[in-house]
Amino acid sequence: MSLNIKLEAFEGPLDLLLHLIDKNKINIYDIPIADITEQYIYYINHMEIKDLDIISEFLVMAATLLNIKSKMLLPKEESDDEGEEEDPRQELVMRLLEYKMFKYISEELKDKQLDAGRSFYRKPAIPEEIADYKEEVDVSDLLSNITLSKLHNIFQSLMKRQNDKIDPIRSKFGKIEKESVDLTKTIYEIQKYGLAYKTFSFRSLLAQKHTKMELIVTFLGILELIKIGRLRIEQENLFDDINIRYLAEDIIQIEEVSF
């Protein structure tokens, strides 16, 4: 007879650790690493997660807990001039406190969002007699005491207000522009280069690229050509330069590329 276990969904390894600490009513500054590690590993062994990226985060935390557990079994080391022993759990406690703070803040913001969603405002209902009323202004009376000196002072005051609104730091930031690189065109250029040289080094191909985006797109283009069988990579020894062999005798145009 099999035992079915239903687990809660956790947003990450720190969320699971906080759940275990709250469930066992543990002082976060004095975590019993052996017990928590055993419960933590039990939970991740029963998680039904197929995403490798997500489960890898939980496994990294499990390795961290095992590392802390092993350090606590070793003789204590003195870390400062006062002779106080360094607690291997200190860094983990700081991470948990920081995560707990941000989690509470996010819950407060969520509550404010829900409260705001229940707020309704009445549309303005001003009588037409008042809405159409315009106060008459005597321009000559309004400008009777205005002089060039006063106008100049008013102008300087307005300019100062505008300057005060300018952030002295952010205003000096440069403009970030999106760099566009065509993957289809890059694949075509790689084929053209391969048809000309047949065998070439990975380093020589990347040497023609000038930006990080061009390097990334070139690398993706090489992967696509390897996948469809038009390129083969070779490396004789570890850390040697990677040689690329162009296997085709022509160039094809690839319309869609998916990774």
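Of the residues Lys227, Lys192, only one is free of Cβ contacts under 8 Å to residues at least 24 places away in the same chain and of a type in the set (D, E, K, R); which? Every option except Lys227 fails the conditions.
On the stretch given as region 207-243, residues that are more than 18 Å from Leu195 (Cα to Cα) and among the polar types (S, T, N, Q) total 3.
Evaluate the following for Tyr193: is it over 34 Å from the mean Cα position of the chain (by Cα), closer than 27 Å to Ile254 by Cβ, modelled with pLDDT of 80 or more and surrounded by 11 or more Cβ atoms within 10 Å (Cβ to Cβ)? Criteria met by Tyr193. Could you check, for region 116-126, whether at least one of its residues is in contact (Cβ under 8 Å) with a residue 60 or more places away in the chain and either out of contact with any helix residue (DSSP H, G or I) (no Cβ under 9 Å at 6 or more places or on another chain) or surrounded by 10 or more Cβ atoms within 10 Å (Cβ to Cβ) (or both)? Checked against the condition, which is being in contact (Cβ under 8 Å) with a residue 60 or more places away in the chain and either out of contact with any helix residue (DSSP H, G or I) (no Cβ under 9 Å at 6 or more places or on another chain) or surrounded by 10 or more Cβ atoms within 10 Å (Cβ to Cβ) (or both), region 116-126 yields no hits at all. Has region 167-183 got any residue that is at pLDDT 80 or above and surrounded by 13 or more Cβ atoms within 10 Å (Cβ to Cβ)? Looking through region 167-183, at least one residue is at pLDDT 80 or above and surrounded by 13 or more Cβ atoms within 10 Å (Cβ to Cβ). Taken together, the residues in region 94-115 that are in contact with a helix residue (DSSP H, G or I) (Cβ under 7 Å, 6 or more places away or on another chain) and either free of Cβ contacts under 8 Å to residues at least 60 places away in the same chain or exposed (fewer than 10 other Cβ atoms within 10 Å of the Cβ) (or both) amount to 0.
The values are calculated or read from the model by the stated rules, or taken from the named source; none is laboratory data. Keep in mind that this is a model prediction, so the values were computed, not measured. Cβ coordinates were reconstructed from backbone atoms using ideal geometry, including for glycine residues, and neighbour counts include every protein chain displayed.
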